[in-house]
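The structure under discussion appears below in the form of structure tokens.
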Amino acid sequence: MSASAAAVPQPRSKPRAFLRLVMIEHSVFALPFAYIAALTAMFQLDKDIHWGTLLLVTVAMVGLRTFAMAANRIIDREIDARNPRTAGRELVTGAVSVKSAWTGAAVALVVFLGAAALLNPLCLVLAPVAVVPMVVYPYGKRFTNFPHAILGIAQAIGPIGAWLAVTGSWSWDAVILGLAVGIWIGGFDLIFACQDVRADRAHGVLSFPARFGIPAALWGARVCHLVTTGLLVWFGLATEAGLFYWIGMVIVAVAFVYEHRVVRPHDLSRLNRAFFSVNGFIGIALFACALLDLLVRGLTP
């Protein structure tokens, strides 16, 4: 076992090790936007919060994300073993067996499909489509320099699916929000991938930063987040959002500026702050403001 792997404390219980494997706490990135989509759809539908539907949306989102992360870790375990940053991951160290990981992934997939079936027929029909990019993404770094785009497509599904869960019908407003989320997450994945440039180049792993360099990746992330801001503004206009949503947009814009000031091409020491803290804050802050806006405008709990 490598020194870096040995230095990582391993959870004693198998369930805890699996939760660590799939980084369940990272649901904070996409889940708030699924809630924004679902609650906005409820507001447009009858201005009532349908708690049962919201619960099923939560179960579906967490189930699909858990499956995606488990599959990612399984597929990437050999790559992870060669990268000092990821050599302490549970499948590399043996804290979680491949069999256990596949079992957890299968259970999560069944939970996702079950929640989709309980929502409405359209969600169930489209559920397998949502699974495809989740499996393709970890393979992306083997055949394209743009695996971040595949991740963006996978994440864009969340808000669209949440809207479908409420209405059972297609909405271009949901697509706007989905694109905003996908481009946002694809952008900060560009930032995150910068820390693996040396290992990726050494082992033939493909990524935008490994191919074009860290400065280009950071500029790409800035463009992505500028586009994200524009799409979130478009969503607000399309759904006739009120004052508190726009206050949330100001907070998001300031957070984006801060994120791109703390990460520099030759100084990635604050990358984790940009990736985890700032992006987690963005989702929660915009959701809180959007929820308050909907409540003020008449959404009934």
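The values are calculated or read from the model by the stated rules, or taken from the named source; none is laboratory data. Everything quoted here is computed from the prediction, not taken from an experiment. Here the Cβ positions follow ideal geometry from the backbone for every residue, glycine too, while neighbour counts run over all protein chains shown.
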Identify all residues within region 1-58 that are of a type in the set (Ser, Thr, Tyr), within 22 Å of residue 283 (Cβ to Cβ) and modelled with pLDDT under 90; write none if there are none. 27
May I ask you to list pairs of residues, at least six apart or on different chains, whose Cβ atoms are under 8 Å apart, with the first in region 129-155 being within 20 Å of residue 212 (Cβ to Cβ) and the second being crowded, with 21+ Cβ neighbours inside 10 Å and basic (Lys, Arg)? 147/141
Counting only helices (runs of 4 or more DSSP H) wholly inside region 100-205, the ones holding at least 2 residues that are within 23 Å of residue 234 (Cα to Cα), in contact with a Cys (Cβ under 9 Å, 6 or more places away or on another chain) and of a type outside the set (Phe, Trp, Tyr) are 147-167, 172-193
Among the residues of region 60-83, is any in contact (Cβ under 8 Å) with a residue 40 or more places away in the chain, surrounded by fewer than 17 Cβ atoms within 10 Å (Cβ to Cβ), in contact with a strand residue (DSSP E or B) (Cβ under 8 Å, 6 or more places away or on another chain) and outside any loop (DSSP other than H, G, I, E, B)? no
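Can you work out which of the residues in region 108-159 that are aromatic (Phe, Trp, Tyr) and surrounded by fewer than 20 Cβ atoms within 10 Å (Cβ to Cβ) is farthest from the chain's Cα centre (by Cα)?
Ranking the candidates gives 143 first.
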Contacts under 6 angstrom Cβ, first residue in region 252-278 being closer than 26 Å to residue 290 by Cα and crowded, with 16+ Cβ neighbours inside 10 Å, partner small (Gly, Ala, Ser) and at pLDDT 80 or above, 6 or more apart: 278/255
